[in-house]
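Reading through the structure tokens given below for one structure.
The values are calculated or read from the model by the stated rules, or taken from the named source; none is laboratory data. Worth saying up front: this structure is predicted, and the values here are computed from it rather than measured. We place every Cβ from the backbone using ideal geometry, glycine too, and count neighbours over all the protein chains shown. When the accessible area is computed, the model is the full protein with side chains, heavy atoms only, and any ligands, DNA or RNA have been set aside. Shrake-Rupley method; radii C 1.70, N 1.55, O 1.52, S 1.80 Å.
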Amino acid sequence: MDTKELIFKLTENYGVSGDEFPACKTAANILSEYAKTEIDHFGNVIGYVGEVDKSKKTLLLDAHIDEIGLIVTYISDDGFLKVSNCGGIDRRLLLAQEVTVLGRKNISGVITSTPPHLEADDTKTPEIDNIYIDTGYTKEQLEEFVSLGDRIVFPAKAVILNCDQITGKSLDDRSGVAVILKTLEILKGKDLPVNLAVLFSSQEETGERGAKTAAFKIAPDYAVAIDVSFALTADDKPHKCGKLGKGPMIGVAPSLSRKMSDKFISLAKEENIPYQIEVMNGQTGTNADAIGVSGCGVKTVTLSIPLKYMHTPVEVISISDIENSAKLLAAFVEKGVE
Amino acid sequence: MMIDELEKLCNLNGTSGSEDEVRDYIINQIKNLCEYRIDNMGNVIAYKKGTCKVGKKLMISAHMDEVGMIVTYINDDGTLKIAPVGGIDPRVVFGRRVRVGKEKRLGVIGSKAVHNLSKEERDKAVTFEGMYVDIGCTSREEAEKIVSLGDNVYFDSDFVRLGDRLVKGKAIDDRAGVAVMLRMIREELPYDVTFAFVVQEEIGLRGSRCAAFEVDPEYAIVIESTTAADIPSASGSDRVCELGKGPVVSFMDRSTIYNKELYDLAFDLADKNNIPCQTKTRVAGGNDAGAIHITRGGIKTAAVSLATRYLHSPSCVADIQDFENVYKLVRVLSDSICSK
């Protein structure tokens, strides 16, 4: 499975938090080649690789399937949509941005921006409350196509930026989904020392809710949350970021299993896989936080893919980071988790 | 269809001073239809012959250039510093795809993740000073192989329909005017008319100034796009003009107090010909009329504009029927002026 094509495919369909089905379907289809797969009522894709052996511990690999977006809250008399955010939108990019309204049919729109003569202060970013979506339709027409609660997305099809880099929307965290699928490809047909469960979780961006319910259901002993993390950009601090193209970022944090972190590090060295260490000083801001305290507790670690410009339609990742993450994760599953 | 040609024109790239793609397209369209010349500025001056009558000397103009950015520096990490060419609110550039240089290399404009911003930073718009374009290079050496200082940077924005009435695209300002002029050149006109496709409007009305001097007309019509603020957050006169209410004819803007005779004539003709027509409810903006009307001993000038939302952004939005009506009004206005 070509990594670039896999990313293109996984990001093609939308899956804004709470409305992940289109994205789930694509991911579940691919996952079903490797695992018994279901989509549960919470919008989680859950898969079990092989038969469950009760004498073995269970390892869960998680990546979230949802992406950030907007949600329709009101249709104004003159045919503009008012919205709220689903997940942490970067308000700096809203003005005059192109969007697609996912109504009964997909509708193109533009976020309103106020011309200079009406702006007392154009050095400020707009509040979500003060923007509208311009679709060109009247209120009556909109009421036919659009319901309150419909999602709105930034329609940025993934493309190659340069050589090994891909830019597009929802690389956070379809990249993680891709890493898991690539891992399963490597492990196919192999005897594993653990029962392997896979979760493509819903509603991470709105509070790690899918991972919470699914982890309860799966009840794993160990878990790896595969998400994206900050790749250094010119205006950020090197000590807070990894670097794009320099390999997976292994999480080390008080809330994570240090044994699992150490195992990842030693495996990366053994297998000659480039890696970076991501130190966090408490919780991680990923599904690891919810999974780690599921049931009686789950030993959890994070594996992160460096990504630039998070939560924008111009996110950037490196294909080599995805492939190296998959290699490392496959070694981890195969050679014991701690 | 004029709207199909507008789509083609908007998808061409031509920031001020680099109007080549647009100029080449125009020349291809008109070369068998009329005499034309390209002046030292890069303006295309087309001399369209009328069917018979001799009338007043009229110049109709529209500008070929669009707003965009220019590469000013290559950072050590391979990202590009840019400056705006023309007036752009930096807030409509952030978080976008752009095209860099002649080869139209893909680039993206982002910054550190929203998660890593302080509360103050979240509320603060990104400025051009703090902005950079990422073309996927990791060093200056790598970037220098692809990009040169002074390369143009364009919005990457598809031309699409919005709803039943509207279109969205970059550069509607002022390819709409270019499309109207091309249509008129293809048609039979009763009087001789000189059409000036001008350069460098967005950086200070520079092409039109020389074109007007060269052509030396008695009358001029400028076909433009102008800011409409008919959005829910604006009311009353703040809306300036509105989509769907026809061409915009101004009495005054920041650069021109328009000739009263032509202003009245435009509304008169609109009324007689059942063309909706509106004026701007604020003295705002400016266009090539500012340069043209004070050329030589002064030229009687009118501006007929297409009301456009989100002007100077990658997502300009205009009304298809308004566009058609801009054409209709310019047609009757030019005939009427020539027959004076």
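Quick notes on this structure:
- Computed with the Debye formula from one identical point scatterer per Cα of the range A:95-215, without solvent, the log10 of I(q)/I(0) at q = 0.11, 0.17 Å⁻¹ comes to -0.65, -1.11.
- Ligands, DNA and RNA left out, the accessible area of the range B:233-340 computed with a 1.4 Å probe is 49% carbon and sulfur.
- Net charge of Cβ neighbours under 12 Å - reference B:Ala113; Lys, Arg +1; Asp, Glu -1: 0
- Efficiency of FRET between B:Asn40 and B:Val160 - r from beta-carbon atoms, R0 30 angstrom, step 0.05: 0.20
- Point-charge dipole on Cβ atoms (K/R +1, D/E -1) for chain A, about Cα centre, debye to 20: 1160 debye
- The A-B contact accounts for approximately 4700 Å² of buried accessible area, totalled over both chains at a 1.4 Å probe radius.
- Its Cα gyration tensor gives chain B an equivalent ellipsoid, and the semi-axes of that ellipsoid, as √(5λ) in whole Å with the largest first, are 36, 23, 17.
- Counting DSSP beta bridges with both ends in chain A, the antiparallel % (nearest 5): 60 percent
- Between the residues A:Ile75, A:Thr300, A:Pro313, the greatest Cα displacement towards the positive end of the dipole of chain A, with unit charges on the Cβ of Lys, Arg, Asp and Glu, is found for A:Thr300.
- Sum of -39500 (n - 2.57) over DSSP H runs of 4+, divided by residues of chain A (222 nm, nearest 500): -8000 deg cm²/dmol
- For the protein assembly as shown, the solvent-accessible area of protein heavy atoms averages 38 Å² per residue (probe radius 1.4 Å; ligands and nucleic acids excluded).
- Mean silhouette area of the range A:69-153, derived from the convex hull of its C-alpha atoms and averaged over all directions, reads 5.3 nm².
- Here the protein assembly as shown carries DSSP beta bridges of which approximately 65% are antiparallel, counting only pairs with both residues inside.
- Calculated over the protein assembly as shown, the projected area of the Cα convex hull averaged across directions stands at 30.5 nm².
- On the principal axes of its alpha carbon atoms, the range A:1-144 extends 70, 36, 28 Å, with the longest extent given first.
- In the range B:272-320, burial by the other protein chains removes 20 Å² or more of 1.4 Å probe accessible surface, compared with the chain on its own, from B:Arg282, B:Arg309, B:Tyr310, B:Ser315.
- In chain A, the longest principal axis of the Cα atoms and the axis of helix A:258-270 are about 80 degrees apart.
- Against chain B, whose longest principal axis is taken from its Cα atoms, helix B:20-30 shows a tilt of about 30°.
- Electrostatic dipole magnitude of the range B:68-155 [Cβ: Lys, Arg +1; Asp, Glu -1; Cα centre; debye, to 20]: 360 debye
- For the protein assembly as shown, with +1 on Lys and Arg beta carbons and -1 on Asp and Glu, the positive-most of B:Ser61, B:Ala179, A:Ser261 along the dipole: A:Ser261
- Dimensions of chain A based on its C-alpha atoms, expressed as ranges along the principal axes with the largest first, amount to 65, 41, 37 Å.
- Fraction of antiparallel bridges per DSSP, chain B only, in percent to nearest 5: 65 percent
- With a simple spin-label model that places each label point 7 Å from the Cα along the Cα-to-Cβ direction, the separation between B:Glu188 and B:Lys340 comes to 2.6 nm.
- Label-zone membership for the range B:191-211, site B:Asn273, 7 angstrom Cα→C-beta point, backbone N under 19 Å: B:191-196
- Alpha carbon convex hull of the range B:37-144, projected area averaged over orientations, nm²: 11.2 nm²
- Model label sites at A:Glu5 and A:Lys259, defined 7 Å from Cα along the beta-carbon direction, differ in position by 4.1 nm.
- Above-threshold pairs, the threshold being 31 Å between Cα atoms, out of B:Lys272/B:Lys300; A:Lys182/B:Lys145; A:Lys259/A:Lys327; A:Lys217/A:Lys237; A:Lys188/A:Lys263; A:Lys25/B:Lys102: A:Lys182/B:Lys145; A:Lys217/A:Lys237; A:Lys25/B:Lys102
- On the basis of the beta-carbon distance and an R0 of 25 Å, A:Lys157 and B:Glu103 show a calculated FRET efficiency of 0.80.
- Taking a sphere under 14 Å around the Cβ of B:Asp151 and counting the other residues whose Cβ falls inside, with K and R at +1 and D and E at -1, yields a net charge of +3.
- Rounded to the nearest 20 debye, dipole of chain B from Cβ charges on Lys, Arg, Asp, Glu: 460 debye
- For the range B:311-316, 3J(HN,Hα) per residue [Karplus equation, 6.51 cos²θ - 1.76 cosθ + 1.60, θ = phi - 60°, Hz, x = Gly/Pro]: 4, 6, 10, x, 10, 6
- Estimated inter-spin distance, B:Lys31 and A:Ala219, nm [label 7 Å along Cα→Cβ]: 7.9 nm
- Stretch gain in nm, segment A:Asp122-A:Asp53, where the contour uses 0.36 nm per residue and the Cα spacing is subtracted: 18.7 nm
- Between 0 and 90 degrees, the angle of helix B:172-186 with respect to the longest Cα principal axis of chain B falls at about 40 degrees.
- Computed over the range A:239-294, the alpha-carbon pair-distance distribution with 5 angstrom bins reads 4, 19, 26, 24, 17, 8, 1, each value a whole percent.
- Projecting the Cα positions of A:Leu187, A:Val101, A:Val228 onto the charge dipole of chain A (unit charges on Cβ atoms of Lys, Arg, Asp and Glu, taken about the Cα centre) puts A:Leu187 furthest along the positive direction.
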